[in-house]
Amino acid sequence: MPSLIDLHCHSTVSDGLLSPTEVVEHAATKGVRVLALTDHDDVAGLPEARAVATQHHINFIDGVEISVTWRKRTLHIIGLKIDPDYVPLTEGLKQIRAGRHLRAEGIAASLDKIGIEGSLEGSYAHAKQGIISRTHFARFLMEKGYAKDIRSVFKNYLVKGKPGYFEHYWADLQDAVSWITQSGGVAVIAHPGRYDLGRTNMLLLLEEFRASGGTALEVVTGSHTPEQYQEFAKLAKQFSLQASLGSDYHGPGHAYMDMGRLPDLPGGCVPVWQDWPEAMNIQAAELH
């Protein structure tokens with residue numbers, strides 16, 4: 001039985017390998033019925049994706065994944081059911097995208113120091129529609145033979161304490177949550193299991209996130225283990241947060257998990273989509 005809901009994926013508008021059209025078409029082949037496109041810091045792919053989703057009878061959710069700095073750590077906050085034309089949101093995302101080039105220059109300079117040259121131009125060659133991310137640098141490093149896959153890149157490069165790391169300040173957590181919620185959307189902490197926070201900081205983050213107006217935690221996602229599904233289900237319940245799920249699909253060969261392969265949310269979770277008209281028929285179908 002395919003998982004019918006996927007609320008986290010990426011296209012070439014950010015660091016995915018497939019165009020918005022191709023992402024939706026892939027979701028359709030995998031049986032997805034409710035889909036959110038959540039490109040990093042950009043909403044440019046939403047109109048195209050929505051149009052194709054309509055053709056495939058997929059209920060489409062406008063989404064985005066916003067880069068945030070919290071206590072000198074980079075986190076990602078997903079916005080679901082956003083208004084992509086809400087001016088504070090679009091202006092905030094525009095500022096974040098402008099900062100991406102500055103970070104890319106810093107990453108390239110760091111890689112230059114260990115003899116890896118040409119990374120800025122090489123990474124931009126992988127950024128098909130403009131914005132630059134660490135994933136594009138990772139593809140460059142793989143292409144040049146410095147790493148065999150994405151996981152090994154982020155084990156040896158681009159992260160704190162490793163070559164290619166460059167500290168950069170993204171959006172403030174409260175600002176990002178405000179842009180999402182004031183546009184009518186729902187704020188979700190993306191893949192919490194990927195942040196090396198420790199338990200104390202994780203609890204502080206969840207408390208601050210909730211106080212800022214955040215309402216959901218991504219419990220089931222491609223990079224989480226089954227043990228983490230249970231761990232974050234418990235934390236969601238502890239902080240009265242709803243639970244979300246999404247593959248975080250970036251394209252063939254660059255995905256933790258394919259679309260349509262997600263397990264159900266653990267028992268006791270309150271789904272973020274529980275009151276969404278787009279998911280009502282889907283939930284009824286699952287129950288039968």
Mean accessible surface per residue for segment 82-233, computed with a 1.4 Å probe while every protein chain stays in place, in Å²: 48 Å²
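Assign unit charges at the C-beta atoms only (+1 for Lys and Arg, -1 for Asp and Glu), then state the dipole size of the chain relative to its Cα centre in Debye, rounded to the nearest 20. It would help to have the intermediate numbers written out before the result.
Numbers: 27 positive and 34 negative charges, 176 e Å.
Here the size comes out at about 840 debye.
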Label corresponding to Cα Rg over 2.2 N^0.38 Å when calculated from the structure given, among [x] 1.31; [y] 0.90; [z] 0.96: [z]
Percent accessible area from carbon and sulfur atoms, segment 1-107, protein chains only, probe 1.4 Å: 52 percent
Cα centroid separation - segment 1-68 against segment 212-280, whole Å: 16 Å
Degrees separating the helix 20-29 axis from the principal Cα axis of the chain, which is the longest one: 50 degrees
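State, as an integer percentage, the relative contact order of the chain based on alpha-carbon contacts under 8 Å between residues 6 or more apart. Working shown, then result.
On the way: 563 pairs, mean separation 61.1, N = 288.
Relative contact order of the chain: 21 percent.
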Cα-based helix-to-principal-axis angle, 46-55 vs the chain, degrees rounded to 10: 40 degrees
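What order, most packed first, do the peptides 5-15, 81-91, 40-50, 59-69 have when packing is the mean number of other Cβ atoms within 10 Å of each residue? Display every interim value, and only then the final one.
Details: 5-15: 27.1, 81-91: 16.5, 40-50: 21.1, 59-69: 23.6.
Ranked from most to least packed, the peptides come out as 5-15, 59-69, 40-50, 81-91.
Which entries of K128/K234; K128/K237; K162/K234; K128/K160; K72/K155; K30/K148 show an alpha-carbon separation above 31 angstrom in the structure shown?
Values: K128/K234 39 Å; K128/K237 40 Å; K162/K234 33 Å; K128/K160 26 Å; K72/K155 20 Å; K30/K148 27 Å.
From K128/K234; K128/K237; K162/K234; K128/K160; K72/K155; K30/K148, over 31 Å: K128/K234; K128/K237; K162/K234.
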Ranked order, E121, E25 - accessible area, probe 1.4 Å, largest first: E121, E25
Potential extension, A125-Q230 segment - 0.36 nm per residue separation minus Cα distance: 33.8 nm
Over segment 113-172, relative contact order from alpha-carbon pairs under 8 Å, at least 6 apart, %: 20 percent
Cα-centre dipole for segment 49-170 with unit charges at Cβ (Lys and Arg positive, Asp and Glu negative), debye to 20: 500 debye
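For segment 122-239, which whole percent of the accessible surface, found with a 1.4 angstrom probe, sits on carbon and sulfur atoms? Intermediate results must be reported in sequence, preceding the final value.
On the way: 2680 of 5600 Å².
That fraction is 48 percent.
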Principal-axis tilt of helix 134-143 within the chain, Cα atoms, nearest 10 degrees: 60 degrees
Most mobile of Q95, Q55, Q174 in a GNM of the chain (Cα contacts under 10 Å): Q55
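The values are calculated or read from the model by the stated rules, or taken from the named source; none is laboratory data. Just so it is clear, the structure is predicted and the values come from calculations on it, not from any experiment. Cβ: placed from backbone, ideal geometry, glycine included. Neighbour counts: every protein chain shown. Just the protein is used for accessible areas: all its heavy atoms, side chains included, with ligands, DNA and RNA removed. Shrake-Rupley method; radii C 1.70, N 1.55, O 1.52, S 1.80 Å.
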